[in-house]
Amino acid sequence: MNTILSRAVLNRRRFVTTSVAAGTIVLAGANGALAQKADTIRIGFVSPRTGPLAGFGKTDGYVLDRAREALANGLEIGGKTYAVEILDRDTQSDPARAAQLAKDLINENIDLMLAISTPEVINPVADACEAAGVPCLSTVMPWEAWYFGRGAKPGEPSPFKWTYHFGFGVGEFLKTYLSQWGLIETNKKVGVMYPNDADGNAVRAVLAPQLEAGGYTIVDPGAYETGTTDYSTQIALFKDEGVEIINTFPIPPDFAAFWRQAAQQGLTSQIKIIQTAKTGLFPADIEALGSLGLNISSAAYWHRDFPYTSPLTGLNGQQLSDGWEAESGEQWTQQLGATLSLLDAGVEALKAPADPTSRTAIRDAIAVLNVETISGKVDFTSGPVPNVSPGPIIGTQWVSSQSGDHQLDYVVTENATDPNVPVAAKLLPYKR
């Protein structure tokens, strides 16, 4: 009898250890006990917590904790209470790992997949879900790079039956850039640094021609490969052409290398606007550049001044940001609200069907989802293409901190894609 009891205790310890190691949290149901699988909703959550894209995942642990707290008593749906498990995984910024993690989570019988931040994470996860017939919801990458980058064709029916994406697209970037760049007088010559990846190829094909139609001259040295270390050719071209605006869509390490070389080779002295995307989104990216980071323009898919509240946690932007800063001792980032908005939308979709463990029912609920999250409206009933809900991108800039709480303040300079967001500052020229 003692031997049997010892084995039972050992097996239980192994189960607990394995669950913790895997990053799986099982939330208690309304009765306080662990629910059986039949009464449990399982959510997979995939993001880059380490590697070159780690800035996107840095705050995810904090936001997931808030979500788990909100779900601690389970979800009551159709008179029945379901416990909720969130199984979060780190892609380490590796697309191949993202795909494998997605397959592993699918084999663990998740009911819904959530994926966030950049094509390197989202597209391989979405492809795995599409192949397996698992509903997947994602955000934080241009929707064109998600939709067309995965094989959809303009004017043809959507090939996707299980995967959905919400957030900004090239159209939002166009509105923001035309609004933002018009705030400072320039010669309207734009040097573009678009990489040979899903983001870069999408904006080169769609955004660049639209900027030209808007009166700007595009100076494009051609696609460069991620990880390039020498940007002398691009810098020389921009100097010779007299560009006064730079527009970039690189990963953070590539931009840092480019911008330091631009300063060393005298390009920054003629630049009036340096407009970054995919990099320059988080304080650490800018602070690492020292004085070269001051007055860099960016764009926010979320800002703590967004006037919306999370339906899942009840937190508004200021409360979410203040909580992060108090717990971490670090400056808030726009990823806080983006991650929470994904959880907001995902949980709202789960609450709609009579059976929230039916993958087909969840998929159908996402297809008609129309809710307000902490980042604003998510509406799949009126998207630009099937499976997509558009979202705002707001013009911003990194300026010297006025309060002294941080090195830099992240201020809103224009709001063309969401007039509900208050403009707080005037755009300043970059020129060094």
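The values are calculated or read from the model by the stated rules, or taken from the named source; none is laboratory data. The structure presented is a predicted model; accordingly, all values stated were derived computationally and were not measured. Glycine also receives a Cβ, built like all others from the backbone with ideal geometry; neighbour counts cover every protein chain displayed.
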Task: Tabulated pairs, the range 335-351, first closer than 14 Å to Phe306 by Cα and without any contact (Cβ under 8 Å) to a residue 40 or more places away in the chain, second of a type in the set (Ser, Thr, Tyr) and not in a helix (DSSP H, G or I), C-beta under 7 angstrom, 6+ apart or interchain - done: Gly337/Ser375
- [ ] Check whether at least one residue in the range 335-355 is in contact with a strand residue (DSSP E or B) (Cβ under 6 Å, 6 or more places away or on another chain) and either of a type in the set (Phe, Trp, Tyr) or part of a loop (DSSP other than H, G, I, E, B) (or both), and report yes or no.
- [x] no
TODO: Select, from Ile218, Ile274, Ile246, the only residue that is within 24 Å of Tyr147 (Cβ to Cβ), at pLDDT 95 or above and outside any helix (DSSP H, G or I).
DONE: Ile218
Open item on the list: So if I check each of Glu172, Glu185, which one is at pLDDT 95 or above, among the charged types (D, E, K, R) and under 30 Å from Val347 (Cα atoms)?
Closed with: Glu172
TODO: Just give me the residues in the range 224-243 being assigned to a loop (DSSP other than H, G, I, E, B), at pLDDT 95 or above and in contact with a strand residue (DSSP E or B) (Cβ under 8 Å, 6 or more places away or on another chain), in sequence order.
DONE: Glu225, Tyr231, Gly242, Val243
Task: Condition broken by Pro419, with the remaining ones in (1) crowded, with 19+ Cβ neighbours inside 10 Å; (2) farther than 19 Å from Lys278 by Cα; (3) not assigned by TED's automatic domain parsing to the domain that holds Phe45 satisfied - done: (1)
- [ ] Considering every residue within the range 64-75, establish whether at least one is touching a Pro at 6+ places or on another chain (Cβ under 9 Å), under 26 Å from Thr309 (Cα atoms), of a type outside the set (Lys, Arg) and modelled with pLDDT of 95 or more.
- [x] yes
Task: Members of the range 158-195 that are more than 21 Å from Leu211 (Cα to Cα) and of a type in the set (D, E, K, R) - done: Lys161
Open item on the list: Need the failing condition index for Ala288 against (1) crowded, with 19+ Cβ neighbours inside 10 Å; (2) within 28 Å of Asp409 (Cα to Cα); (3) modelled with pLDDT under 95, just the number.
Closed with: (1)
Task: Selected residue (criterion: surrounded by the fewest Cβ atoms within 10 Å (Cβ to Cβ)) from residues of the range 155-169 that are over 25 Å from Lys278 (Cα atoms) and among the small types (Gly, Ala, Ser) - done: Gly155
Open item on the list: Looking at the range 208-215, can you tell me whether even one residue there is in contact (Cβ under 8 Å) with a residue 24 or more places away in the chain and either among the aromatic types (Phe, Trp, Tyr) or not in a helix (DSSP H, G or I) (or both)?
Closed with: yes
Open item on the list: Name the single residue that is farthest from Asp364 (Cα to Cα) among those in the range 114-143 being in a helix (DSSP H, G or I) and among the β-branched types (Val, Ile, Thr).
Closed with: Val121
Task: Residues that are among the hydroxyl-bearing types (Ser, Thr, Tyr) and at positive phi, drawn from the range 359-388 - done: none
TODO: Kindly list the number of the only condition in (1) outside any helix (DSSP H, G or I); (2) out of contact with any Leu (no Cβ under 7 Å at 6 or more places or on another chain); (3) not hydrophobic (A, V, I, L, M, F, W, C) that fails for Asp88.
DONE: (2)
- [ ] Quickly run through the range 280-310 and pick out the residues that are touching a strand residue (DSSP E or B) at 6+ places or on another chain (Cβ under 7 Å), in a loop (DSSP other than H, G, I, E, B) and over 19 Å from Ala425 (Cβ atoms).
- [x] Tyr308, Ser310
